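Just so it is clear, none of the values below were taken in a lab; they were calculated from the coordinates. Since the structure is predicted, the reported quantities are computational estimates derived from the model, not experimental observations. Because the Cβ atoms are built from the backbone with ideal geometry, glycine has one as well, and the counts that use them run over all protein chains shown.
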Amino acid sequence: MQEVVKSVVILGTGGTIAGTGPDPERSWQYRAAQLTVSQLVAAVPEFAGLPLEAEQVAQIDSKDMSWSVWQALGQSLKAHLARDDVAGVVITHGTDTLEETAYLLHRLVDGRKPVVLTAAMRPATARDADGPGNLRDAVRVVLEAARRGVGGVVAVLHGRIWAGAQVRKAHSCALDAFDAGGRAPLAQLDEAGQWHEAALEWPASGHAGWEVLNSPPPRVEIIHSHADADGWMVKAVLAYGRQHGPLKGLVLAGSGHGTLHQGLEAALVQATSMGVTVWRASRVARGGVSRREGDAFEACGELTPAQARVALMLYLSGV
Ligand code: ASP
């Protein structure tokens, strides 16, 4: 029997990788989400002859990421990952909220096939555009992962593979903008886009399935602790929630190891007595927040506050 050649599906959602501007030397002057994913694919010479399919799922600056885009992405992923003739999926994304989408998908997929997010820090028209190289690497990683039988959600950026559950934007403008909160990348890519960590396993996926995306998400907001944080913001969201729909959860972006101002603590205790679930993350870049005896609020481990918000939405949805 002839072996089926499997495709890589590339789902476009916008971002700087699809951005254009008037001057190749002034890479900060551009608009995100201008080129279609088919145009991004056509700009990579190494793709000639490869079995690729491109599909535009959204066309946004990822600062505007929303549940409805995640719903569209989920539907598309569900359909393509179920196909026998698909090796895996690449998602082109903006860098700003990539960590949220990556974490969400990590929790939902079953890990049988590779799902690789990629992005760029420079628009497609910049002299030093990093999008084509990142997209090329992402496709190579899907093909190699499928060959090795490895699956799950990762991000491929600037020559490294990051775990979807850990990756986060750590620099606002450098080309090398991502890390994993102090954890090492899963692998480093060589010139040919290969990685040599022989027995590399990607972290186990969450297997939660796509169902959760069918309903509107529970309302979860993020509150920061800082000097003078006296609970004013918490009281404001509780009051607003009483009028416009219930607030279900709050993630604290705490100082240090998830510590919080005493005024803020009193307000959060009041929120929990009103049925709001409060979880504790940290505004600190590395180390996260682990559970300790006597904690008033659940700790979010190494998740960023934005990822912890996704985790709390899933928890409140029964996932
Ligand atoms: N604001 C852009 C976005 O997140 C930034 C980027 O893609 O680098 O879509």
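Tell me, what HN-Hα J-couplings in whole Hz come from the Karplus equation 6.51 cos²θ - 1.76 cosθ + 1.60 at θ = phi - 60° for each residue of the stretch 86-103, using x for Gly and Pro?
10, 7, x, 10, 10, 10, 8, 9, x, 6, 4, 10, 4, 5, 6, 5, 4, 5
Can you give the helix-only mean residue ellipticity at 222 nm for the chain, where every DSSP H stretch with n ≥ 4 adds -39500 (n - 2.57) and the sum goes over all residues, rounded to the nearest 500 deg cm²/dmol? Present the calculation step by step, with values, prior to reporting the outcome.
Working: 7 runs with 87 residues, N = 319.
It comes out at -8500 deg cm²/dmol, rounded to the nearest 500.
Antiparallel DSSP bridges in the stretch 107-239: what percent, to the nearest 5?
Values: 9 of 13 bridges.
Bridges in the stretch 107-239 are about 70 percent antiparallel.
Projected onto the charge dipole of the chain (+1 at Lys/Arg Cβ, -1 at Asp/Glu Cβ, origin at the Cα centre), which of Val4, Pro217, Gln34 gives the Cα projection farthest towards the positive end?
Pro217
Any chance you could run the full-extension gain for Asp110 through Cys173? It's 0.36 nm times the residue separation minus the Cα-Cα distance, nm to one decimal.
Details: separation 63, 0.36 × 63 = 22.68 nm, distance 3.34 nm.
Difference between extended and current length: 19.3 nm.
How do Glu221, Glu25 line up, fewest other C-beta atoms within 10 Å first?
Numbers: Glu221 17, Glu25 9.
The most exposed by this proxy come first: Glu25, Glu221.
Just Gly241, Gly254, Gly301 to compare: in a GNM of the chain, with alpha carbon springs under 10 Å, which one fluctuates most?
Gly241
Relative to the Cα centre, what is the charge dipole magnitude of the stretch 111-191, using +1 at the beta carbon of each Lys and Arg, -1 at the beta carbon of each Asp and Glu, and rounding to the nearest 20 debye?
Working: 12 positive and 8 negative charges, 70 e Å.
That gives the stretch 111-191 a dipole magnitude of about 340 debye.
To make sure I understand, if each residue's beta carbon is the centre and we count other beta carbons within 10 Å, what order do Asp96, Asp230, Asp190 fall in, fewest to most? Can you show the working numbers first?
Details: Asp96 19, Asp230 13, Asp190 10.
Arranged by neighbour count, lowest to highest, Asp96, Asp230, Asp190 become Asp190, Asp230, Asp96.
Obtain the radius of gyration and the Kirkwood radius of the stretch 1-145 from its C-alpha atoms and give Rg over Rh.
Values: Rg = 14.8 Å, Rh = 15.3 Å.
In the stretch 1-145, Rg relative to Rh is 0.97.
Between the stretch 210-269 and the stretch 42-103, what is the C-alpha centre distance in whole Å?
31 Å
Please arrange Cys300, Cys173 by counting, for each residue, the other beta carbons lying within 10 Å of its beta carbon, fewest first.
Working: Cys300 26, Cys173 9.
Ranked by crowding around the Cβ, least crowded first: Cys173, Cys300.
Taking the Cα centre of the chain as the origin, how large is its charge dipole in debye, to the nearest 20, when only Lys and Arg (+1) and Asp and Glu (-1) carry charge on their Cβ atoms? Show your work: numbers first, answer last.
Working: 29 positive and 33 negative charges, 114 e Å.
Value, rounded to 20: 540 debye.
For the chain, build the charge dipole from Cβ charges (+1 Lys, Arg; -1 Asp, Glu) around the Cα centre, then report which of Ala239, Val57, Gln307 sits farthest towards its positive end.
Ala239
Loop-only check: which GluC sites (Glu not before Pro) in the stretch 238-319 are DSSP coil with at most 14 other Cβ within 10 angstrom? Could you put the intermediate results ahead of the total?
Numbers: sites: Glu265, Glu293, Glu298, Glu302; in loops: Glu293, Glu302.
Within the stretch 238-319, the qualifying GluC sites (Glu not before Pro) (loop, at most 14 other Cβ atoms within 10 Å) are Glu293.
Stick to the Cα atoms of the chain, pair each with every other, and give me the Kirkwood hydrodynamic radius in Å at one decimal.
Details: mean 1/r = 0.0489 Å⁻¹.
Value: 20.4 Å, from the Cα pair sum.
What list of ³J(HN,Hα) couplings, whole Hz, do you get for the stretch 272-280 from phi and the Karplus terms 6.51, -1.76, 1.60, once you set θ to phi - 60° and write x for glycine and proline?
With coefficients 6.51, -1.76 and 1.60, one gets 5, 5, 9, x, 8, 7, 10, 10, 10 Hz.
Give me the number: length gained by fully extending Gln71 to Glu191, i.e. 0.36 nm times residue separation minus the C-alpha to C-alpha distance, one decimal in nm. Walk me through the intermediate numbers first.
Values: separation 120, 0.36 × 120 = 43.20 nm, distance 3.56 nm.
Taking 0.36 nm per residue and subtracting the Cα distance, the gain is 39.6 nm.
Gaussian network model of the chain, Cα springs within a sub-10 Å range: biggest mean-square fluctuation belongs to which of Ala42, Ala227, Ala177?
Judging by the Gaussian network model, the answer is Ala227.
Using 22 Å as the Cα-Cα cut-off, could you pick out the over-long pairs in Lys63/Lys169; Lys6/Lys63; Lys78/Lys113; Lys6/Lys78?
Listed pairs above 22 Å: Lys6/Lys63.
So for the chain, taking the charge dipole from beta-carbon charges (+1 Lys/Arg, -1 Asp/Glu), which of Ser290, Ala129, Ala187 sits furthest toward the positive end?
Looking along the dipole axis, the top candidate is Ser290.
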